[in-house]
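Chemist: Mind looking over this structure? Questions follow.
Please treat every number below as a calculation from the coordinates, not as lab data. Quick caveat: nothing in here was measured; it's all calculated off a predicted structure. Neighbour counts are summed over all protein chains in view; Cβ atoms, including those assigned to glycine, are modelled from backbone coordinates with ideal geometry.
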Amino acid sequence: MTSTSLTLASGRRLFRSENVTPLLLILMVAVLVIAPLVKIVLVTLTPEGLAAWQSVLASPLSENLWWRPLLNTLLLGLGVAGGCLLLGGFLAWLVVLTDVPGARFLGVLSTLPFMIPSFAAALAWGTLFRNSRLGGSAGFFEVSGIAIPDWLAWGLLPTLIVLIAHYYSLAYTIIAAALSSVGADLIESAQMAGAKRPRIFFGIILPVVTPALIAAASLTFAGAVANFAAPALLGLPVRMQTLSTRLFGMIETGNSERGFVLALLLIAVAATFLFFSDRLVSGRKAFVTVTGKGGRTKRFPLGIWRWPLFAVAVLLGCMTTVVPVLVLAASSLAPQSGELFSNWTLHFWIGEGGGAIAQGTAGIFRNPVLIDALWNTIKLGVTVAVITMVIGLALAHTIVRRKGTLLANVLSQLAFMPLLIPSIAFAAAYIALFGAPIGPFPSLYGTFALLVIAAAAHNLPYAVQSGRSVLGQVSADIEESAKLTGAHPVHRMLVIVFPLAIRGLLAGAILVFVKMVRDLSLVVLLFSATSPVLSMVAYRYASEGFMQFANAITLLILVICLAASLIAQGLQARVQKWKQS
Amino acid sequence: MNTLNTSPPDAIHIAGLVKRFGTFTAVDHIDIAVPKGSFLVLVGPSGCGKSTLLRMLAGLDDPTEGEIAFLGHTVSNGVGGVLSDPRQRNAGLVFQSYALWPHMTVANNIAWPLKVAKWNKPMREARVAEVLSLLGIDALRNRYPAEISGGQQQRVAIARTIAPKPAILLFDEPLSNLDAKLRIEMRSELMRIHRATGATSVYVTHDQVEAMTMATHVAVLNNGRVEQFGAPIDLLREPQTTFVATFLGTPPANLLPVERRGDSLVFGDLPLASGALAPGLATAQLLYRAQDIGVGAVEGRPSIAATFSEAAPIAGQTMVTAMVGDLRLTGLVDGYFQAAPGDRIALSFLRDPDAVFTTAGEKVAR
């Protein structure tokens with residue numbers, strides 16, 4: 001009796017008018033995030049689905065469908081995590097804790113590789129290292145007379161190198177942030193105890209930044225496991241399959257159920273690793289740093305190693321940023337893809353069709369498909385950025401203002417779920433849900449709308465995060481003090497909230513825009529011939545052997561991303577004059 | 001040199017010490033010496049160079065010029081920099097931020113320096129237990145720093161520092177992150193520990209009350225120089241500069257600028273004292289303690305009209321602050337005193353000035 005009336009009362013409370021917005025938001029997030037996942041699970045539980053489970057996991061096919069791709073995926077994930085920890089950790093140590101010259105410059109240099117999409121690095125690798133084993137034109141080295149063995153041209157090792165080159169800057173960012181929070185006092189108190197440098201490093205610094213190391217390892221692992229572009233470009237030609245390329249192949253060839261099964265398994269692999277690493281860190285009070293003054297960091301003198309280590313760091317940065325871009329640029333100008341620096345022509349950019357070069361294909365700026373793809377890409381980036389930021393801001397506002405309530409907790413958990421799901425698997429789930437008509441709604445498969453919805457959903461965690469930091473800029477006090485002057489809400493919004501929030505909003509929107517413009521793993525499944533995007537066109541060209549076109553388009557993508565970042569910076573400086581010094 | 005001398009060498013001997021950062025001189029020719037077992041307090045406003053001096057004593061920074069000797073051994077000098085590292089100089093430092101290692105329990109925080117110093121396990125465990133109980137924190141031994149309060153962290157930091165039995169204990173504003181009540185409690189706690197360990201201590205603070213209550217020796221620092229060095233009582237009684245006179249003591253002493261008119265020293269139009277107090281000076285500053293200034297006119301004593309600004313009762317008396325023009329004067333009256341801010345009151349100078357200083361702030365010899 002009592003319990004029922006209690007539930008009724010709380011039920012009524014739950015549906016009060018002030019809760020309508022959060023409930024609507026939960027419903028929306030559920031449709032965006034949960035529904036596709038539920039649907040993909042349900043699809044694999046139909047008779048066809050169950051058969052797919054069997055063929056993937058327990059049949060003569062399963063070695064090729066599941067075990068080998070799994071092994072390759074895990075090798076890539078662990079290798080990338082390890083390599084990124086070493087490189088990123090080394091650079092972070094160098095920049096934060098030593099007196100290396102040009103630390104600020106090295107810091108910026110070390111964050112750049114992450115800006116370059118992994119398929120750009122993969123294409124650059126191919127342009128330099130591909131050998132003639134598979135036919136087609138050879139890469140720069142082989143043409144220059146340096147024989148490139150298969151293991152360096154194709155497969156696991158090049159994929160690994162390309163992915164490390166892409167993800168180490170992520171590890172760098174995380175570890176550097178952690179190292180700079182290790183106050184000089186912590187190190188000096190160890191010095192006072194008489195500890196020597198190695199002892200301080202292994203006894204104090206390393207344990208204190210362990211959570212950051214684990215976070216860096218798990219994020220780079222998850223990134224590598226989910227990556228599609230690098231293994232597709234460097235592995236597929238020699239039949240090296242990962243879970244993501246397998247999943248793509250299954251859906252491409254119409255074996256959707258098998259593809260869905262592989263998507264679920266890929267989610268499981270990524271989520272397991274993230275879950276256990278989270279478990280390892282959370283709940284241990286040992287990792288909460290106690291800081292009093294802090295801020296100051298201790299810089300160890302490197303002695304005669306200052307300049308050699310500086311040179312190593314600069315070399316690393318150049319090899320992973322400048323060199324790939326230069327290779328792509330040279331390749332897009334070279335008629336023979338192996339001879340990077342001879343007979344340069346602008347044909348691949350602006351040449352007319354029908355000539356002798358490139359089997360008569362016109363340059364990218366004369367190719368209507370490409371112009372179309374360019375606009376589609378920008379349209380996709382802008383639409384997704386705007387939509388995600390609006391949703392993200394609404395979610396963040398609800399989560400922050402109702403902190404501690406059940407609704408807020410559910411909402412933030414839901415909004416962060418896509419972080420656990422590799423984007424190609426997320427795309428597969430969207431195909432499972434929207435690939436067929438739902439009731440009166442037509443099938444969305446292959447439409448621009450589906451791509452936008454899926455992308456918005458997948459970017460939710462980033463959007464909520466930037467929404468939160470935006471709201472952090474506008475404290476309740478600031479808004480209330482404006483309220484006390486009697487200003488109208490709209491007036492307040494325009495004069496107080498907007499100028500303070502614009503920086504964070506723009507930063508978040510640009511992040512999403514850039515992620516979309518250079519994304520391949522989401523669009524590779526959801527794109528359609530009627531609405532092509534640049535990354536997909538580049539991938540198509542690369543798989544067909546038109547390396548110059550692929551490289552030119554990739555450069556175009558890089559330029560768009562760079563321009564977006566510059567515009568954002570310019571706008572910020574214009575709006576927030578008080579931040580200029 | 002010290003071998004010729006029969007008296008034991010100074011525990012800490014600082015001579016001609018200079019520290020420059022670029023063109024900025026943080027520590028400017030400092031000379032201080034204290035015997036074994038003293039409690040030296042370095043006090044001064046922020047930026048006076050006291051923390052820099054402490055870091056040089058700890059061996060974390062090297063001096064630009066001059067020398068530091070512990071018990072007759074030179075540990076740092078301007079030529080060779082840090083000659084003995086922190087461990088070799090047998091010194092321990094308690095940081096303002098406590099600097100507890102977040103990934104170690106309380107017991108491990110205390111044991112780690114002993115481990116580094118290669119103490120064997122039974123000795124380590126015995127010593128950890130000993131300092132834990134000395135600081136009254138036995139119950140916290142298995143907690144992590146993040147799980148205990150600020151005051152408890154402070155105790156752990158002290159326990160960790162004294163565990164290896166350093167001959168010299170250094171404290172960098174250790175109480176500044178604690179609330180007022182805890183600060184007073186820890187003050188007596190630190191003095192108890194100083195007695196228990198017998199270690200020569202150097203204590204940096206900007207709080208003159210801490211300096212006055214804890215020190216056997218006080219060095220008042222300003223702009224990188226020692227304004228005055230001596231026993232706390234002597235500094236209070238015989239301040240050598242106006243900086244020391246106004247920095248130390250509660251309530252702060254009053255300084256009145258005066259000029260010679262005829263045979264008198266005159267403040268505004270009020271003759272305050274005989275010109276003989278400032279021989280040969282056209283202008284001077286007179287020091288009056290709060291207890292030498294009363295409220296209301298007193299027969300035969302000079303008095304001046306002032307604008308009441310605030311009254312603070314302390315221990316049965318009331319500290320009355322009033323303004324004469326831009327000058328803030330503080331007097332002391334028995335019992336409670338009440339007035340509204342802006343009221344006109346009379347302040348009278350009950351005794352002759354306690355000391356006379358030049359306009360530049362140097363004491364005028366009597």
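Chemist: Shielding by partners for B:79-88, please: the mean number of other protein chain Cβ atoms within 10 Å of each residue's Cβ.
Modeler: 2
Chemist: Within 15 Å, Cβ to Cβ, of B:G224, how many net charges do the neighbouring residues add up to if Lys/Arg are +1 and Asp/Glu are -1?
Modeler: Taking every other residue near B:G224 into account, the sum is 0.
Chemist: In nm, to one decimal, how far is the A:L57 label point from the A:L27 one, both placed 7 Å along Cα→Cβ?
Modeler: The answer from the label model is 3.6 nm.
Chemist: Per residue of B:103-114, how many C-beta atoms from partner chains lie within 10 Å of its own C-beta, taken as a mean?
Modeler: Mean inter-chain Cβ contacts per residue within 10 Å come to 3.
Chemist: What percent do you get for the relative contact order of the stretch B:2-246 when only Cα pairs under 8 Å and 6+ apart count?
Modeler: Value for the stretch B:2-246: 26 percent.
Chemist: Okay, moving on. If packing is taken as the average count of other Cβ atoms within 10 Å, what order do A:224-234, A:151-161 fall into, highest mean first?
Modeler: Peptide ranking by packing, descending: A:224-234, A:151-161.
Chemist: Taking only C-alpha pairs under 8 Å that are 6+ residues apart, what is the relative contact order of the stretch A:391-497 in percent?
Modeler: Relative contact order for the stretch A:391-497 comes out at 36 percent.
Chemist: Report Rg (one decimal) and Dmax (nearest whole number) for the stretch B:2-246, counting Cα atoms only, units Å.
Modeler: In order Rg, Dmax, the Cα atoms of the stretch B:2-246 give 18.0, 55 Å.
Chemist: Compute the distance in nm between two label points, each set 7 Å from the Cα along the Cα-to-Cβ direction, one at B:S149 and one at A:Q413.
Modeler: Reported label-point gap for B:S149 and A:Q413 is 3.5 nm.
Chemist: Right, another one. Just to be sure I understand the model, the point goes 7 Å from the Cα along the line to the Cβ. What's the resulting A:R279 to A:S144 distance in nm?
Modeler: If labels sit at A:R279 and A:S144, their model points lie 4.9 nm apart.
Chemist: Let me ask another. Which whole-number percent gives the relative contact order of chain A, counting Cα pairs below 8 Å spaced six or more residues apart?
Modeler: 19
Chemist: I've got another one for you. With each run of n ≥ 4 DSSP H residues scored as -39500 (n - 2.57), what mean residue ellipticity at 222 nm is computed for chain B after dividing by its residue count and rounding to the nearest 500 deg cm²/dmol?
Modeler: Rounded to the nearest 500, it is -7000 deg cm²/dmol.
Chemist: Could you sort A:310-317, A:511-518, B:108-115 so that the peptide with the highest average Cβ count within 10 Å comes first and the rest follow in order?
Modeler: Most protected by this proxy first, the peptides run A:511-518, B:108-115, A:310-317.
Chemist: Another question, if that's okay. May I ask you to compute the full-extension gain from A:Y445 to A:C318, defined as 0.36 nm times their residue separation minus their alpha-carbon distance, rounded to one decimal in nm?
Modeler: Taking A:Y445 through A:C318 to full extension adds about 41.6 nm, to one decimal.
Chemist: Then there's this: Counting other beta carbons within 10 Å of each residue's own, what order do A:C561, B:C48, A:C318 fall into, fewest first?
Modeler: Result, fewest neighbours first: A:C318, A:C561, B:C48.
Chemist: At 0.36 nm per residue, minus the direct Cα-Cα distance, what do B:T250 and B:T359 gain on full extension? Give it in nm, one decimal, please.
Modeler: Additional length available on full extension: 36.9 nm.
Chemist: Here is a further query. Counting Lys +1, Arg +1, Asp -1, Glu -1, what net charge surrounds B:A33 among other residues with beta carbon under 13 Å of its beta carbon?
Modeler: The answer is -2.
Chemist: Could you put B:H206, A:H166, B:H73, B:H103 in order, starting from the residue whose Cβ has the fewest other Cβ atoms within 10 Å?
Modeler: Lowest to highest Cβ neighbour count: B:H73, B:H206, B:H103, A:H166.
Chemist: Could you please rank B:L236, B:L100, placing first whichever residue has the fewest other Cβ atoms within 10 Å of its Cβ?
Modeler: So the ranking, lowest neighbour count to highest, is B:L236, B:L100.
Chemist: Peptide A:180-188: average number of partner chain Cβ atoms within 10 Å per residue?
Modeler: Mean inter-chain Cβ contacts per residue within 10 Å come to 4.
Chemist: Compute, for the protein assembly as shown, the length of the dipole vector about the Cα centre, with Cβ point charges of +1 (Lys, Arg) and -1 (Asp, Glu) only. Units Debye, rounded to 20.
Modeler: So the magnitude is around 1560 debye.
Chemist: Could you give the length gained by full extension between A:L50 and A:E544, i.e. 0.36 nm per residue of separation minus their alpha carbon distance, to one decimal place?
Modeler: Gain on extension, A:L50 to A:E544, equals 174.3 nm.
Chemist: Sticking with this one: Using only the alpha carbons, work out the radius of gyration and Dmax of chain A in angstrom.
Modeler: 25.7, 88
Chemist: Here is a further query. Rank A:L526, A:I510, A:A482 by how far each Cα sits towards the positive end of the charge dipole of the stretch A:454-529 (+1 on Lys, Arg Cβ; -1 on Asp, Glu Cβ) and give me just the farthest.
Modeler: A:L526
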